[in-house]
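Readers should treat all values here as calculations from the given coordinates under stated rules, not as data from a laboratory. Everything quoted here is computed from the prediction, not taken from an experiment. Cβ placement follows ideal geometry from the backbone for every residue including glycine, while neighbour counts extend to all protein chains displayed.
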Amino acid sequence: MDYARTITLALPYEQAVPRVKDAFQTQGFGTLTEIDVQATLKSKLDADMEPYVILGACNPELAHQALDIDREIGLLLPCNVVVRAADENTTLVQALDPQVMVAVPERDELRPVADDAGRRIQAALEALAG
């Protein structure tokens, strides 16, 4: 199962991150957390990697609906959006495919929530892609 929705932006990483936050905000996903993976790995392990951030982008209404169906679904909510530099002028944006919420626990009653989240995530990605 392909579990990511990925687009490539013709933008440097530093310009892409705020645009990604804005595009997801427009679709009702607030950025609750921001993990700078590059900085964390450098400070903890002295390991180098490309600029890479994990945005904890959550839509409270959809999260509430899913959690009312299955409390464990918090483990699979499509809240993580990865923004990472591909090169100096190109950035990859990846979001979890919400259908994972249906497939992994095999809970068909989560499908309407996953479908709604999928439409919103796709709209954000399409807005970014232009």
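Key figures
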item	result
Qualifying residue in region 56-65 (condition: in a helix (DSSP H, G or I), surrounded by 14 or more Cβ atoms within 10 Å (Cβ to Cβ), small (Gly, Ala, Ser) and touching a residue at least 60 places away in the same chain (Cβ under 8 Å))	no
Sole residue being acidic (Asp, Glu) and either buried (at least 16 other Cβ atoms within 10 Å of the Cβ) or on the phi > 0 side of the Ramachandran plot (or both), chosen from ASP46, ASP36, ASP2	ASP46
Residue check, ALA127 closer than 15 Å to LEU9 by Cα and either in contact with a Cys (Cβ under 8 Å, 6 or more places away or on another chain) or part of a helix (DSSP H, G or I) (or both)	yes
Residue in region 40-58 that is closer than 22 Å to GLU88 by Cβ, among the small types (Gly, Ala, Ser) and in contact with a strand residue (DSSP E or B) (Cβ under 7 Å, 6 or more places away or on another chain) present	no
Residue satisfying condition, being within 16 Å of TYR3 (Cα to Cα) and not small (Gly, Ala, Ser), within set LEU62, LEU76	LEU76
Every pair of residues 6+ apart whose Cβ atoms lie under 8 Å, when the first sits in region 12-37 and is closer than 15 Å to ALA129 by Cβ while the second is among the basic types (Lys, Arg)	GLN27/ARG120
Test set (1) without any contact (Cβ under 8 Å) to a residue 40 or more places away in the chain; (2) not in a helix (DSSP H, G or I) - VAL102 fails condition number	(2)
Residues satisfying the stated conditions in region 105-117, i.e. assigned to a helix (DSSP H, G or I) and surrounded by fewer than 19 Cβ atoms within 10 Å (Cβ to Cβ)	ASP108, GLU109, ARG111, PRO112, ASP115, ASP116
